[in-house]
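Written out below as structure tokens is the structure these notes cover.
The values are calculated or read from the model by the stated rules, or taken from the named source; none is laboratory data. Source: prediction; values computed, not measured. With ideal geometry, Cβ positions are generated from the backbone for all residues, glycine too; neighbour counts draw on all protein chains shown. Just the protein is used for accessible areas: all its heavy atoms, side chains included, with ligands, DNA and RNA removed. Shrake-Rupley method; radii C 1.70, N 1.55, O 1.52, S 1.80 Å.
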Amino acid sequence: MSRTKLAIASTADGARLAQAAWDSRSKIVVAGIAVCAVGLAASAGPGLGPRASHMATHILLMSALAPFLAVLWMRFASAPVLATGRALAVVTAAQLALLYAWHAPGASAYVERHPTAHLAMHASLLAAALLFWLGILGDTGVARWRGVAALAITGKLACLLGVLLVFAPRVLDTSAASWGATTETMLADQRLAGLLMLAACPASYVLSGVWIASRWLLALEDIRLRARLDRPDGA
């Protein structure tokens, strides 16, 4: 084997080792996000108002528990699930639709009055988020750009909801008045809920997008180096 091919093979091995390192680091990142979210819910949750408490629970379920369960699923599954672009688009749209639907003022008021609807809200958001992360992790090789795009779109629209809650000039959902809260208290609770969402978006969707984009670039580089290695002249 020529010196050029040896150099290319060594570089390809380095790319594979780097990708394996990212795979191991991803588990550490997911575990860290889960620990931070659990700590947030355990320490701040009991002292939060109804809107902020709901938001902390949603962050725990959708940005910590769901990706953690998806990583475990992919670890023990025999083959990736939802590994097509159409499936990823469907679960991305479904997650965003449920997120906005359950945060609509009328839906929030209904959930406050019906415990069954409250449970259905959390269960549906967790299920949608789990399918979303399974779709993200199911994309492999050069198709990982679809996961990066889905994370970017989801992160932007989730942050937009947080911005609306923070900068709204009035209380968007007055169902908290049944708790005996004043308008000022409800508005502060609403803004805190938005701030929690704005803090969670970069910690979940943005970091995950950066990680998947790095794996995608490593995969592209590995394919390019293998193609060069297979050429007779190594060029």
Just one listed residue, out of Ala31, Ala66, Ala87, is part of a helix (DSSP H, G or I), at pLDDT 85 or above and surrounded by fewer than 20 Cβ atoms within 10 Å (Cβ to Cβ), and it is Ala87
Regarding the stretch 100-118, can at least one residue be identified that is at pLDDT 80 or above, of a type in the set (A, V, I, L, M), farther than 16 Å from Leu161 by Cβ and open to solvent by less than 50 Å² (accessible area, probe 1.4 Å)? yes
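Would it be correct to say that His122 is in contact with a Ser or Thr (Cβ under 8 Å, 6 or more places away or on another chain) and not charged (D, E, K, R)?
yes
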Of the candidates Leu229, Leu157, Leu220, Leu225, the one satisfying the condition of being modelled with pLDDT of 80 or more and not in a loop (DSSP other than H, G, I, E, B) is Leu157
